[in-house]
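Inspection log for the structure reproduced underneath, given as structure tokens.
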């Protein structure tokens, strides 16, 4: 296995480990109306991103899929990594409602991992897609109007 593939699978393993730990350490659905709205917003962003990416183009690792196409419409017009944003949003109300230091630590590890993963992914996309450099200038990385 190449170093690039090893790194890609490492990021995915950390990501899914933190998601599992977050799910295992407390409730999955918010009890507060505002929390439910935030959680639903994250789910909607995630589902919309997957649909707009098209299932045949979707890749769980941060490596470009052979024969894949660069998606720059819909949510991707504004945010380059809406699926990562969705994961982070979904867990915010759950951590707030059922706070433990562990849950916060799992979420923070997920956040840091996703930042490293998206930086790694963007390096791969720059070399794989000719238009990625100009797309980066026109869109936000993860959080609109911030980063």
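Worth pointing out:
- Volume per residue of the C-alpha convex hull in the chain, rounded to whole Å³: 114
- Relative to the longest principal axis of the Cα atoms of the chain, helix 82-97 runs at roughly 10 degrees.
- Remark: the stretch 67-147 projects, on average over all directions, an area of 6.0 nm² (convex hull of Cα atoms).
- One chain, two ends: residue 78 and residue 13. Fully extended at 0.36 nm per residue, the span grows by 20.7 nm beyond their Cα-Cα distance.
- With only the Cα atoms considered, the stretch 1-75 has a convex hull volume of 107 Å³ per residue.
- On the beta carbon distance between residue 146 and residue 119, with R0 = 22 Å, the FRET formula returns roughly 0.85.
- Between 0 and 90°, nearest 10: helix 101-128 axis offset from the chain longest Cα axis: 10
- The angle between the Cα long axis of helix 33-53 and the longest principal axis of the Cα atoms of the chain comes to about 20 degrees, rounded to the nearest 10.
Every number in this text was worked out from the coordinates using simple rules, so none of it is lab data. Computed from a predicted model, the values in this text were never measured in an experiment. Counting neighbours? That spans all protein chains shown, and the Cβs are built from the backbone with ideal geometry, glycine included.
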